[in-house]
């Protein structure tokens, strides 16, 4: 398939996990890809593995200047920006409310919420008419995750930010959507990167099971494609039914 033939795509957090899978899949579908990551060597490695004119750049999404330089690098390489997949994020230790101090909370907000805001601000002036933006949020942005309250708060904010930004992107002729993954086996939570497979060979995930990075990447590609032209300003849960039904647990204190 060549859904993105002639299109130019930016993927953040592209050195590993969901971003890496998405970068490969956009390229397989014909796109020229700019892979961005705080791990610049990792981003360049993925771009080299992709080939086909892909480029890798180092970017610190918590800094406005770094976001601007990232977008400039994508434009310099490809001439235009049709799709931006703002996927970069940080999970960190799960120490609960009592174990979350101010510094760790600030770090969560800086990467997972402010980083998205700055990315959107950098992308908005240059996104192509007819383009699309996809942002990785989380099921932790739909319900509270008591083990990591800073992450959960930031991802709730991401969903609100995507919704609030929808009219601004619509004025540019572009759509914007958020993805809310449940459990996904990625390096961010101790998993490993695995080879990309034919999408038709992806296996069904058991109820409340862990998906693969490529499962999420496939949704990102679909949301960025013309097939999703009627969809904007929404959060899309991909979680093997994790949030579908109430799970009984012990009564708390």
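The values are calculated or read from the model by the stated rules, or taken from the named source; none is laboratory data. All figures in this text were calculated on a predicted structure; none of them were measured in a lab. No Cβ is skipped: glycine too gets one built from the backbone with ideal geometry, and neighbour counts run over all protein chains shown.
Condition (residue is closer than 24 Å to residue 91 by Cβ, out of contact with any strand residue (DSSP E or B) (no Cβ under 8 Å at 6 or more places or on another chain), at pLDDT 95 or above and outside any loop (DSSP other than H, G, I, E, B)) applied to region 174-181: is it met by at least one residue? No, there is no match, as no residue in region 174-181 is closer than 24 Å to residue 91 by Cβ, out of contact with any strand residue (DSSP E or B) (no Cβ under 8 Å at 6 or more places or on another chain), at pLDDT 95 or above and outside any loop (DSSP other than H, G, I, E, B). Criterion applied to 30, 14 was being under 18 Å from residue 195 (Cβ atoms) and either within 16 Å of the chain's Cα centre (by Cα) or surrounded by fewer than 18 Cβ atoms within 10 Å (Cβ to Cβ) (or both), and the one residue passing it is 14. Determine whether residue 242 is in contact with a helix residue (DSSP H, G or I) (Cβ under 8 Å, 6 or more places away or on another chain) and more than 19 Å from residue 86 (Cβ to Cβ). The answer is yes for residue 242.
Just one of (1) part of a helix (DSSP H, G or I); (2) crowded, with 18+ Cβ neighbours inside 10 Å; (3) in contact with a helix residue (DSSP H, G or I) (Cβ under 9 Å, 6 or more places away or on another chain) fails for residue 49. It is (2). Listed conditions (1) at pLDDT below 95; (2) on the phi > 0 side of the Ramachandran plot; (3) within 16 Å of the chain's Cα centre (by Cα) are all met by residue 233, apart from (1). Residues in region 157-181 that are over 15 Å from residue 231 (Cβ atoms) and surrounded by 22 or more Cβ atoms within 10 Å (Cβ to Cβ): 158, 181. If we scan region 143-150, do we find a residue that is more than 26 Å from residue 234 (Cα to Cα), assigned to a loop (DSSP other than H, G, I, E, B), at pLDDT 95 or above and touching a helix residue (DSSP H, G or I) at 6+ places or on another chain (Cβ under 9 Å)? No: zero hits.
Close Cβ contacts (under 7 Å, 6 or more residues apart or on different chains) running from residues in region 90-116 that are modelled with pLDDT of 95 or more to residues that are surrounded by fewer than 12 Cβ atoms within 10 Å (Cβ to Cβ) and not in a loop (DSSP other than H, G, I, E, B) are absent.
If only residues of region 61-83 that are part of a helix (DSSP H, G or I), under 19 Å from the mean Cα position of the chain (by Cα) and touching a residue at least 60 places away in the same chain (Cβ under 8 Å) are counted, the one that is surrounded by the fewest Cβ atoms within 10 Å (Cβ to Cβ) is 71. Remark: pairs (first residue in region 1-18, outside any loop (DSSP other than H, G, I, E, B); second residue buried (at least 24 other Cβ atoms within 10 Å of the Cβ) and at pLDDT below 95; Cβ separation under 6 Å; 6+ apart in sequence or on different chains) = 17/186.
I'd like to know if region 208-222 contains one or more residues that are surrounded by fewer than 18 Cβ atoms within 10 Å (Cβ to Cβ), outside any helix (DSSP H, G or I), at positive phi and out of contact with any helix residue (DSSP H, G or I) (no Cβ under 7 Å at 6 or more places or on another chain). There is at least one residue in region 208-222 that is surrounded by fewer than 18 Cβ atoms within 10 Å (Cβ to Cβ), outside any helix (DSSP H, G or I), at positive phi and out of contact with any helix residue (DSSP H, G or I) (no Cβ under 7 Å at 6 or more places or on another chain). Considering (1) buried (at least 22 other Cβ atoms within 10 Å of the Cβ); (2) closer than 20 Å to residue 83 by Cα, the lone condition that residue 150 does not fulfil carries the number (2).
Every residue, every condition in (1) over 15 Å from residue 138 (Cβ atoms); (2) surrounded by 10 or more Cβ atoms within 10 Å (Cβ to Cβ); (3) more than 13 Å from the chain's Cα centre (by Cα), yes or no:
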{"site": "189", "(1), (2), (3)": "no, yes, yes"}
{"site": "197", "(1), (2), (3)": "yes, yes, yes"}
{"site": "204", "(1), (2), (3)": "yes, no, yes"}
{"site": "240", "(1), (2), (3)": "no, yes, yes"}
{"site": "250", "(1), (2), (3)": "yes, no, yes"}
